[in-house]
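Here the structure is laid out as structure tokens; the discussion comes afterwards.
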Amino acid sequence: MSARLGLFGAAVSALLVYGCTTAPNALQGAQGASATEAVASPARVDNFLLADAGLRAWELQRMSDRKAVVLVTQSNEDAVIRGEAGTLKALKAAYAAKGVQFLMLNSNLKDSREAILAEAKAADFDTPVLMDSYQLVGESLGVTRSGEVIVIDPKTWKVAYRGALADGGAGKALDALTAGQAVTVASAAPGKGAAIEFPARAAKAQITYVKDVAPILEARCVACHEEGGIGPFAMTNYATVKGFAPMIREVIRTHRMPPYDADPHVGKFSDDRGLSAQEVKTVVHWIEEGAPRGEGKDPLGAKHLVAAEWPLGKPDVVLDIPAYTIPASGVVDYQHPWVANPGTEGKWLRAATIKVEARAGVHHVLTGLMTEVPKAGQPAFENLWGASVGTYAVGFESEVAPKNAGTWIPPGGAIGFQNHYTPFGKETTDHTKLAFYYYKDNEKPGLVMHTMDLTNNAIEIPANDPYHVEVAYMEFPHDALLYAAFIHAHYRGTASDLSIRYPDGHEKLLISLPRYQFGWQRYYTFAEPVLVPAGAKLIAHYAYDNSKTNPANPDASKTIIWGPQSWEEMFFTRLRYRWMDETSTHLVKYDKELRDGALLGNLDANMDGKIEKSELKGLIGKMLLPRFDQLDTNHDGVLDKDEIAAATKALGLHRPEPPPPAAPLAASTPTAGGR
């Protein structure tokens, strides 16, 4: 699993700034320098976050509990660093157990993730290789060659020593740091490793706000950072942007902004909100060069941008969810209100937006169609639900169906809600609204959207574990097309991924979030939907950081299991898909088969198709373990697929099927194979 999980931004507050140094430092001293010339070395290392080639994220200031952090520069096919693999192993063997963190740093533009993985295997590196794909970390560190060692003191984040890996100076510095003593020798020659070119450092481009940066901000950032937007400040003019420049540099270097956590090395997504490599470098280099304004009219100052009440335009229907007063403190159980469906005729839903009022106090909102209207005061529990008609979690946006696909909402009945409210120190009343956008009567979709939740209620996260991994899968009984995945954990969630295992056994990684952010949850929509053939498994991994260095961790001393509150944990991937042979005029009932196998995938940690007693852990495991012998009807010591399906029924985990259209509907595109 460590070869899969990875990158991008996490901190509950996107405003947390780790005292970054914004002076030009290494960049300024290196303008025009080639890789073989001396480049200024910073006295202090600014915070950064990078994924290694195995897609695990490493953030410098989450290593504050280490005695030292050692970075060794690396470039593929460099005979020097290959020849010093044994030296690095020996150094690591001598000091890792003393609290020293070892990492390699690849800043070479020509080295892809796949090439770095192959090189690490061929050279027998046993140290994670960080992918500095944008060269920002290597630039700021003044890197020029492969095979250089940089020793960082986590007490001050200053460079305690740098020199050639083979010269022995790193060991002397580590002796001092692990003993709590001062380092007497601070630097030496970088050695004879391969030169690493930094084109942007040598080019000395003249970047200005007016010409280069403001257009990027307007295209990528202002949609949230405008008056009334979800961003913490509005990017209204040059002066404002420059004032926040140190923060902008920090959150870009640690991948907290823009809030899109999918690693760019894996997959393509139609809703990608991230900056391109060139955009990242342009903005960061502009800040490091002093944030010059440039000549001309201020592109942002010339406009008065205000967030729209409804980003998708005027809704067809707006439903008012019953208001709820969130107390200032305490624990609030999940609320299950409902709203009667005002529609008197069936409609196909193409999009939905859930707009919460008290953003600080609303953790999530889930929805489900109900065929019957509950009695007054009766909770709308999930076992009464059918299809989902909207989702909200912290930072979430609207849910839009693919072209020519939708969800059928029959007339009458009700919409049930699962609302999770979290007190935040101030009593407030939330008035959440749900907006529907329908297809017009002459635009009825030909394809039917579905959602299913890939969960693991058996998670059990040990105390003080910085990287604990759990797994679950869902096996598809018929051919399907996967459009998107929504990834959700709580404060200890640190990474997640989703892959597909085909019936012939080979696997493909679809999404990787090396650094999951609780504060920015969303669907990740594939640029091209993924064909999931019958018998294929969608496999999710979640990693949890239950250590003291996780700034959002409520308590590192406790073993954590699945639980509904934010200080507990979840493993929840919502899948959006359709069945390949289903149209709006030819409905199928395959979701029941998918649900029947869900509990098996939830518990089957070794993925062998059966459940052993040792796999029954966490919340759901404790429910099943006392009944194991009763459920094991053939008495073979394991629970097979049929026995697990029977357990699902016995535990009442089934939900009703979504209600079908009242009558066959003419579809605009009748073929089921379209994308």
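The values are calculated or read from the model by the stated rules, or taken from the named source; none is laboratory data. Worth saying up front: this structure is predicted, and the values here are computed from it rather than measured. Neighbour counts are summed over all protein chains in view; Cβ atoms, including those assigned to glycine, are modelled from backbone coordinates with ideal geometry. Heavy atoms of the whole protein, side chains included, go into the accessibility calculation; ligands, DNA and RNA do not. Shrake-Rupley method; radii C 1.70, N 1.55, O 1.52, S 1.80 Å.
Scanning region 220-271 for residues that are free of Cβ contacts under 8 Å to residues at least 24 places away in the same chain and among the aromatic types (Phe, Trp, Tyr) yields 233, 244.
This table checks each residue for (1) modelled with pLDDT under 95; (2) among the hydroxyl-bearing types (Ser, Thr, Tyr); (3) surrounded by 13 or more Cβ atoms within 10 Å (Cβ to Cβ); (4) out of contact with any strand residue (DSSP E or B) (no Cβ under 7 Å at 6 or more places or on another chain).
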position: 242; (1), (2), (3), (4): no, no, yes, yes
position: 250; (1), (2), (3), (4): no, no, yes, yes
position: 259; (1), (2), (3), (4): yes, no, yes, yes
position: 291; (1), (2), (3), (4): no, no, yes, yes
position: 294; (1), (2), (3), (4): no, no, yes, yes
position: 306; (1), (2), (3), (4): yes, no, no, no
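If you scan region 363-381, which residues turn out to be in a loop (DSSP other than H, G, I, E, B) and among the hydroxyl-bearing types (Ser, Thr, Tyr)?
If the condition is that a residue be in a loop (DSSP other than H, G, I, E, B) and among the hydroxyl-bearing types (Ser, Thr, Tyr), then 371 is the only one that fits.
Residues checked against (1) within 18 Å of residue 45 (Cβ to Cβ); (2) at pLDDT below 95:
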{"position": "147", "(1), (2)": "no, no"}
{"position": "151", "(1), (2)": "yes, no"}
{"position": "170", "(1), (2)": "yes, no"}
{"position": "174", "(1), (2)": "yes, no"}
{"position": "178", "(1), (2)": "no, no"}
{"position": "189", "(1), (2)": "no, yes"}
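Within the option set 423, 445, being touching a helix residue (DSSP H, G or I) at 6+ places or on another chain (Cβ under 9 Å), touching a residue at least 60 places away in the same chain (Cβ under 8 Å) and assigned to a loop (DSSP other than H, G, I, E, B) holds for one residue only, 423. Within region 44-82, being surrounded by 21 or more Cβ atoms within 10 Å (Cβ to Cβ), among the acidic types (Asp, Glu) and more than 29 Å from residue 495 (Cα to Cα) holds for one residue alone: 78.
In region 151-164, the residues that are in contact (Cβ under 8 Å) with a residue 24 or more places away in the chain and closer than 16 Å to residue 549 by Cβ reach residues that are open to solvent by 20 Å² or more (accessible area, probe 1.4 Å) and among the polar types (S, T, N, Q) with C-beta atoms within less than 7 angstrom, at least six apart or across chains, in these pairs: 154/64. For region 133-149, the candidate set comprises residues that are in contact with a helix residue (DSSP H, G or I) (Cβ under 6 Å, 6 or more places away or on another chain) and not in a helix (DSSP H, G or I); within that set, the residue that is most open to solvent (accessible area, probe 1.4 Å) is 134.
Looking at region 590-606, can you tell me whether even one residue there is over 30 Å from residue 629 (Cβ atoms) and surrounded by fewer than 17 Cβ atoms within 10 Å (Cβ to Cβ)? No, the conditions are met nowhere in region 590-606.
A Cβ distance below 7 Å, combined with a sequence gap of six or more or placement on separate chains, defines the contacts here; from region 560-586, residues that are over 19 Å from residue 539 (Cβ atoms) reach residues that are of a type in the set (Val, Ile, Thr) and surrounded by fewer than 23 Cβ atoms within 10 Å (Cβ to Cβ) in the pairs 565/331; 566/422; 579/588; 581/588; 582/588. Contact map, region 634-650: residues that are over 15 Å from residue 594 (Cβ atoms) and in contact (Cβ under 8 Å) with a residue 40 or more places away in the chain paired with residues that are open to solvent by 50 Å² or more (accessible area, probe 1.4 Å) and outside any loop (DSSP other than H, G, I, E, B), Cβ distance under 9 Å, separation 6+ or inter-chain. Pairs shown: 647/627.
Residue 166 falls short on exactly one of the conditions (1) assigned to a helix (DSSP H, G or I); (2) open to solvent by 60 Å² or more (accessible area, probe 1.4 Å); (3) modelled with pLDDT of 95 or more, and that condition is (3). If you go through region 382-418 and keep only what is part of a loop (DSSP other than H, G, I, E, B), at pLDDT below 95, hydrophobic (A, V, I, L, M, F, W, C) and open to solvent by 10 Å² or more (accessible area, probe 1.4 Å), you end up with 387, 394, 396. Here residue 370 clears all of (1) under 30 Å from residue 583 (Cβ atoms); (2) exposed (fewer than 14 other Cβ atoms within 10 Å of the Cβ); (3) under 32 Å from the mean Cα position of the chain (by Cα) except the condition numbered (2).
For the residues 252, 287, the requirement of being closer than 28 Å to residue 489 by Cβ, aliphatic (A, V, I, L, M), out of contact with any Gly (no Cβ under 8 Å at 6 or more places or on another chain) and not in a loop (DSSP other than H, G, I, E, B) singles out 252. Would you confirm, using the coordinates I've provided, whether residue 184 is of a type in the set (S, T, N, Q) and open to solvent by less than 60 Å² (accessible area, probe 1.4 Å)? So residue 184 does not fit the description; no. Within region 510-541, being among the polar types (S, T, N, Q), under 14 Å from residue 273 (Cβ atoms) and under 9 Å from the mean Cα position of the chain (by Cα) holds for 517, 521. List the residue pairs whose Cβ atoms are under 7 Å apart, where the first residue sits in region 52-69 and is closer than 13 Å to residue 156 by Cβ, the second is buried (at least 21 other Cβ atoms within 10 Å of the Cβ) and among the aromatic types (Phe, Trp, Tyr), and the two are 6 or more positions apart or on different chains. Hits for this filter: 60/48. Taking first residues from region 308-324 that are without any contact (Cβ under 8 Å) to a residue 24 or more places away in the chain and partners that are in a loop (DSSP other than H, G, I, E, B), the Cβ contacts under 7 Å between residues at least 6 apart in sequence or on separate chains come to 322/337. In region 83-93, the residue that is most open to solvent (accessible area, probe 1.4 Å) out of those that are part of a helix (DSSP H, G or I) and touching a strand residue (DSSP E or B) at 6+ places or on another chain (Cβ under 9 Å) is 92. From the set of residues in region 212-231 that are surrounded by 15 or more Cβ atoms within 10 Å (Cβ to Cβ) and part of a helix (DSSP H, G or I), which is nearest to the chain's Cα centre (by Cα)? In this case the residue turns out to be 220. Apart from one condition, residue 318 fits all of (1) of a type outside the set (D, E, K, R); (2) open to solvent by 20 Å² or more (accessible area, probe 1.4 Å); (3) in a loop (DSSP other than H, G, I, E, B); (4) farther than 30 Å from residue 248 by Cβ; the exception is (3). Quick check, is residue 193 in a loop (DSSP other than H, G, I, E, B) and open to solvent by less than 10 Å² (accessible area, probe 1.4 Å)? Against the criterion (in a loop (DSSP other than H, G, I, E, B) and open to solvent by less than 10 Å² (accessible area, probe 1.4 Å)), residue 193 qualifies. Just to be sure before I move on: is residue 528 in a strand (DSSP E or B) and acidic (Asp, Glu) in the structure I sent? Criteria met by residue 528. Residues that are open to solvent by 20 Å² or more (accessible area, probe 1.4 Å) and under 21 Å from residue 61 (Cα atoms) within region 521-556 comprise 548, 549, 551, 552, 553, 554, 555, listed in sequence order.
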